[in-house]
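The values are calculated or read from the model by the stated rules, or taken from the named source; none is laboratory data. Quantities reported herein were computed from a predicted structural model and do not represent experimental measurements. Neighbour counts run over all protein chains shown; Cβ positions are idealised from the backbone, glycine included. Note: areas computed on protein heavy atoms with side chains; ligands, DNA, RNA excluded. Shrake-Rupley method; radii C 1.70, N 1.55, O 1.52, S 1.80 Å.
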2 protein chains.
Amino acid sequence: MPSAARKTQERERASMEPPPADDYAKERYGMSPMIQSQEKPDRILVRIKDLTVERADEVAWVRGRIHTSRAKGKQCFLVLRQQQFNVQALVAVGDHASKQMVKFAANINKESIVDVEGVVRKVHQKIGGCTQQDVELHVQRIYVISLAEPRLPLQLDDAVRAEVEGEEEGRATVNQDTRLDNRVIDLRTSTSQAVFRLQSGICQLFRETLIHKGFVEIQTPKIISAASEGGANVFTVSYFKSSAYLAQSPQLYKQMCICADFEKVFCIGPVFRAEDSNTHRHLTEFVGLDIEMTFNYHYHEVVDEIADTLVQIFKGLQERFQNEILTVNKQFPCEPFKFLEPTLRLEYREALAMLREAGVEMGDEDDLSTPNEKLLGRLVKEKYDTDFYILDKYPLAVRPFYTMPDPGNPKISNSYDMFMRGEEILSGAQRIHDPQLLTERAQHHGIDLEKIKAYIDSFRFGAPPHAGGGIGLERVTMLYLGLNNVRQTSMFPRDPKRLTP
Amino acid sequence: MPSAARKTQERERASMEPPPADDYAKERYGMSPMIQSQEKPDRILVRIKDLTVERADEVAWVRGRIHTSRAKGKQCFLVLRQQQFNVQALVAVGDHASKQMVKFAANINKESIVDVEGVVRKVHQKIGGCTQQDVELHVQRIYVISLAEPRLPLQLDDAVRAEVEGEEEGRATVNQDTRLDNRVIDLRTSTSQAVFRLQSGICQLFRETLIHKGFVEIQTPKIISAASEGGANVFTVSYFKSSAYLAQSPQLYKQMCICADFEKVFCIGPVFRAEDSNTHRHLTEFVGLDIEMTFNYHYHEVVDEIADTLVQIFKGLQERFQNEILTVNKQFPCEPFKFLEPTLRLEYREALAMLREAGVEMGDEDDLSTPNEKLLGRLVKEKYDTDFYILDKYPLAVRPFYTMPDPGNPKISNSYDMFMRGEEILSGAQRIHDPQLLTERAQHHGIDLEKIKAYIDSFRFGAPPHAGGGIGLERVTMLYLGLNNVRQTSMFPRDPKRLTP
C-alpha cells in the first residue's frame, strides 16, 4: 500500500479509539475484531425490512450500513440501511449509552457496516426518509464490523436524485463516468439494486418460460477457431502458439444443436463485438438470450414462440417486480410498458408505407436507420398503442447470408426484428438448412467457403427447418424501464473506451 | 463448393428421382421441396413418443429421421427416430404403395428427415429395438424433408455401444476424436441426448435452489483489463489499440457485488484457463457455476448453503432425470451416486491422517495430488458410504492470497474444496474483506499491488464478511454420471489441442 494511503487509514482508525477505561458503557460499543469466523454465536440478526410494529418493545440485533448520521446534543440519529430498506436508530445518553458512546456512534464514517442491539420502539409520527416508518431502534450496543473510509467518491443521495430535481433545485447529481468508476458504491443505491434485481428476473422468466415450453439449455463455446460471420468486428485471442476469436454470437452452435436433434434450445451468455461504436446502446460485451428451434412448415411457428416468451417476461415483471419498477421510476420517470396479446406483427413494407406517409424517403430494400426505427416506434405506438411489436419480412439484401429467402419474392426474406419502445432488441430469421442453397448464398455474399466449411457441413446429414433469434439482455432491461443508456443496465459495462472496473 | 463434393451431391439427388408418370402411387412419395415457409398447412405432426396403442387404427403424420432401413421383397421396414424415441414403419406394396414407392423408401439415406403418413397398428409381438414396442406405422405417404449424405462419418449404433460389449464381441465403437470431430452426429445418440438434458437440468436445479434461497443472478464481464490472480494461465485478447485478458473466474466481480450489498449472488458463465494441461478433467474453457454470499459470524454458514445447493441438485436429478441416468448407464455402467444429509465435512488434518494410515507420506502443508485425492475418495467412501463430501481448513500456503487465514492457527485457512467420487468439483473460501490484511497477504505472495489496486479498493467503503466458491459444470455432470472424461460432458470442448468444431 502506498504510504499516503496507509497514513490515511491509520488516521481513520485513530478516530475510532477504544473506549476509555472509566466509561460505564465501555463494553457496549467499539470496533469489532475483524470477523475471521472465530466463533458461531447463536445471535439472530433481524432483517431491517422485518422491523415493524409487531416487534415493538422487543430487543433486536441488526447489521446494517450507516446511511446517514446526525448528532444533536446528547443524542445521535443514525439511519441504518440494508439493501433498499432503512430504519432510524437513536443513540442517546442514558442507562445504556454514555456521552463517549454517543460520540463514538456519531463519528462512524458513512457506509461503514455496524452491528447494533436495540429496542424496537413504535413512533407516533411517521419517519419520513425511511422505509420502516413506524418504528425506530433505541440503541443499547453498537460495534463497527467494517469501517468505510471517510471520503466517499460519490454520495448515495446524489446518485438517486432525479435529474429534473437536480436541475430545478440546483442539487447535485452524479455523472455516468463517476458512477461507473465507483460502481461498487453506485450499485448500492435503491435504483441500482432495483435495476439489477429486475434484470435477474428477466433471465429467470426467460428460462422458466422456455423450460416450460420444452426447451433445453445449452452451453456454447466463446473461443472459436474461425470468425464465422465474415471476420469483421471480431476480437482476436492468443491461443497457445496460435490464435483464435471470441464468438460474436452462439449462432453456429445453436444451429449445430438443432442439427443434433435437440429441437428447441436456448442459451444465456456473453457475446463479443469488436465494434468501435460509442453510442447509448452499443457494448463490446453484452449478454445474449438466444433461442433456436425447429418448426414444421412455417417460421411463424417460431416467431410466435419467441414473441410469447417476451410477453411472458413482460407479464412476469409486472407481477413480481412492481416494487423495483416503481423504485426506478422515482429517479427515471417513464410511461408503463405497453404490449398487446397476441403481439402485433407488421410487415416491412407496411412499416415503409407508414414512414413514407410521415415524410421519410426510403427505398424498398433500404435498412432502417436508428432515427427511422425510433420514428416508426412512435407511429406504431400512436396507431396501435403498443411498445412491443415484430417487424417481419426484411429485405434479403440487408440480412446475413444464412437468412432464408422468401419463397415468393427473391428480394425479401423470412426474417424479423422485434422492437421495444422503438429500439431493436431481437434480430432473427428462418435459417437456410439446405447446404447447397447455403453455399450459393455465401458465394453471393463473397464469403470464403473454406472458412465456413464446418458450418455448411453441419447441414449435410439431414437438417430440419429451423429459425431463431438473439435478444440483448441489457437492451431489454433498459427499454422496459425506459432508461436511456445501456450502461445503466450492465453491471460492469465494456465499450471501446471502458474496460474497468 | 469443391466440384467433387458437388458431384457427390448430384449423384445422391439423382438416386432420389421423381416418381415415374405411370406409377399409381406417384403422388404418395418423393422429395419434398425445401421448406421455405411456403404455406401454413393445418397438418398436425404426432410425436413419436405419443404413438401408443391408444392411437391404434388412427392415421398419423410423423416427422422423423431414418434411423435404419431394411428392404425385404415387397416391403421395407424403417425405424424412424425422434430424439431418444423410435418407432417401426412399414412400407409394403398394396393399395397405398407401389413397387416404386417401396424402392424409393428403401433408398433414402440413413439420418435423412422424412414426413410420413401412416396408420398406427397394434402389433402382437413386441418390437425389440424400438422405444414404441406395441405399435408400428403402416406407411401411406412418405416425403423426404432433408436428405442426408450417404456416407456417415460414424454410425449411431456404434456410438452408443458399451465399450465392454465392443471389446468382448469384437463390435465397433467410436473413438473420442471421431466423436468430437463429428459432434453434430455424435450428439444425436440417446446417450448424448441424455447427458446434455441432464446437464441442462443441473443448471436449472442450481438456479431454482438459489433463487428460492434469495440469491440474485448477476452477469460478470469476461473481458478484463488486468489478470487479477497474478497473470499466469491467462488468455490475452487484442482490444482495439490495446490488449486485455479473458477472466479466469468471476471472483473479483462476485466480490464487488457483495461489497455493493447484493448479499447473495450467483452466476453461470464461461471461465477461461490458458493452462497447457491435456488431462481427462481439464478444459481451457468451461462453465462455472459461481456463488458468493455474505455471512454473519462464521463461513460455515456459507459452506452449509453451498453443500445444500449441491444436495438439492443431486436429489432433483434423481427425481426428474431418472430416464436420462438409466440411458447413460446402459453405455457407461456405474454405481448410483451416493450422498449424505447433512453433507459430510472433514477437516484437512483428518484427511491427512486417513491418507497416512493408508501409507501415504505427506507434510501438513502439502497440497493433495490428484492420485491422493482419488485415494482419499475411496477411503471416505469405505468409511462413510458417500460419494460427496467437503474437505475443510486447507493449509494457508496452498490457497490464493485472498483466502482468510484461520483465526487460531496461522498455517491453516478458512477454505474448503468439495468432492464428487474423489475428484474436486468446487473450490472456495472465506475471502479477506479487510483491505489492510488483503494488502499484507498480496505482498506476502509477491503480487504487484498496482495491478490489484481496483480489487483492494473495492473493500475500502465498508465490506461485509463473505465466502463463496466456484463449481465446474462439466465436472459435476461427468462425476455424477460416473463418466471418465470431461470432453463427454462439454458439447464443444476446448483444450490446448482442440478448438473445433
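Net charge near B:T294: determine it from the other residues with C-beta under 10 Å of the C-beta of B:T294, scoring Lys and Arg +1 and Asp and Glu -1. Display every interim value, and only then the final one.
Numbers: positive: A:R63, B:K264; negative: B:D261, B:E263, B:E292, B:E301.
Charge balance near B:T294 sits at -2.
Evaluate the relative contact order of region A:311-417 (contact order divided by residue number), counting alpha-carbon pairs under 8 angstrom at least 6 apart; express in whole percent.
On the way: 108 pairs, mean separation 27.6, N = 107.
That works out to 26 percent.
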**Prompt:** Considering amide H positions built from the backbone, and no H for Pro or chain starts, which residues 5 or more places from B:F461, or on another chain, come under 5 Å of its amide H?
**Reply:** A:E149
**Request:** Would you compute, from DSSP H runs of 4+ residues alone, the mean residue ellipticity of chain A at 222 nm, taking -39500 (n - 2.57) per run and dividing by the full residue count, rounded to the nearest 500?
**Result:** -9000 deg cm²/dmol
**Prompt:** What figure in square angstrom, to the nearest 10, would you give for the accessible area of B:Y245 with a 1.4 Å probe?
**Reply:** 60 Å²
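Can you pull the mean other chain C-beta count within 10 Å for peptide A:141-150? Before the final figure, lay out the partial values.
Values: counts 0, 0, 0, 1, 7, 11, 6, 5, 5, 1.
Mean shielding by partner chains, rounded to a whole number: 4.
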**Item:** Label point 7 Å beyond Cα along the C-beta direction, distances from A:T370 to other copies (nm, shortest first)
**Value:** 5.0
**Prompt:** What is the set of long-range amide H partners of B:A429 at a cut-off below 5 Å, with H atoms built 1.01 Å from backbone N?
**Reply:** B:Y416, B:G468
**5 angstrom amide H check on B:A25, placed H, neighbours 5+ away** = B:S98
**Asked** If you draw the axis that swings chain A onto chain B, which residue of A has its Cβ closest to it, and how far is that in whole Å?
**Response** A:V237, 3
**Prompt:** What nm distances, shortest first, do you get from the label point of A:A71 to those in the other copies when the point sits 7 angstrom along Cα to Cβ?
**Reply:** 9.8
**Fill in**
Phi-derived 3J(HN,Hα) across region B:236-249 with the Karplus relation (6.51, -1.76, 1.60, θ = phi - 60°), rounded Hz, x for Gly and Pro, is 9, 10, 6, 10, 6, 8, 10, 9, 8, 10, 9, 4, 7, 5
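Carbon and sulfur atoms: what percent of the 1.4 Å accessible area of the protein assembly as shown do they account for? Write out the running numbers ahead of the final one.
On the way: 19030 of 40760 Å².
In the protein assembly as shown, the share of accessible area belonging to carbon and sulfur is 47 percent.
Can you pull the mean other chain C-beta count within 10 Å for peptide A:259-268?
Values: counts 6, 12, 15, 9, 2, 0, 2, 1, 1, 5.
Per residue, the average neighbour count from other chains is 5.
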**Message:** Sort A:M354, A:M101 by heavy-atom solvent-accessible area, probe 1.4 angstrom, most to least.
**Reply:** A:M354, A:M101
**Request:** Just read off the accessible area of B:K453 with the full protein assembly in place, 1.4 Å probe, to the nearest 10 Å².
**Result:** 100 Å²
**Asked** Considering only protein heavy atoms, what is the solvent-accessible area of B:E335 at a probe of 1.4 Å, reported in Å² to the nearest 10?
**Response** 130 Å²
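How high is the relative contact order of chain B, in percent, with contacts defined as C-alpha pairs under 8 Å that are six or more residues apart? The partial results should precede the final answer.
Working: 912 pairs, mean separation 60.8, N = 501.
Relative contact order of chain B: 12 percent.
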**Prompt:** Measuring label to label, 7 Å along Cα→Cβ, what does A:R349 give against each other copy in nm, shortest first?
**Reply:** 8.2
**Request:** Counting only heavy atoms of the protein chains, get the accessible area per residue of chain B (1.4 Å probe) and round it to a whole Å² value.
**Result:** 41 Å²
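Which whole number gives the average count of other chain Cβ atoms within 10 Å of the Cβ atoms across peptide B:182-189? It would help to have the intermediate numbers written out before the result.
On the way: counts 3, 6, 15, 6, 1, 7, 6, 2.
If you average over the peptide's residues, the count of other-chain Cβ atoms is 6.
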**Request:** Kindly compute the accessible surface that chains A and B hide from a 1.4 Å probe when together, both sides summed, and give it to the nearest 100 Å².
**Result:** 10200 Å²
**Fill in**
Quick tally, 1.4 Å probe accessible area for B:R28, B:R399, sorted with the most first, runs B:R28, B:R399
**Request:** Please turn the phi angles of region B:161-170 into ³J(HN,Hα) values with the Karplus equation 6.51 cos²θ - 1.76 cosθ + 1.60 (θ = phi - 60°), one per residue in order, whole Hz, x for glycine and proline.
**Result:** 6, 5, 4, 4, 5, x, 5, 5, 9, x
**Request:** Please turn the phi angles of region A:66-78 into ³J(HN,Hα) values with the Karplus equation 6.51 cos²θ - 1.76 cosθ + 1.60 (θ = phi - 60°), one per residue in order, whole Hz, x for glycine and proline.
**Result:** 6, 7, 9, 8, 9, 8, 7, x, 8, 9, 9, 9, 10
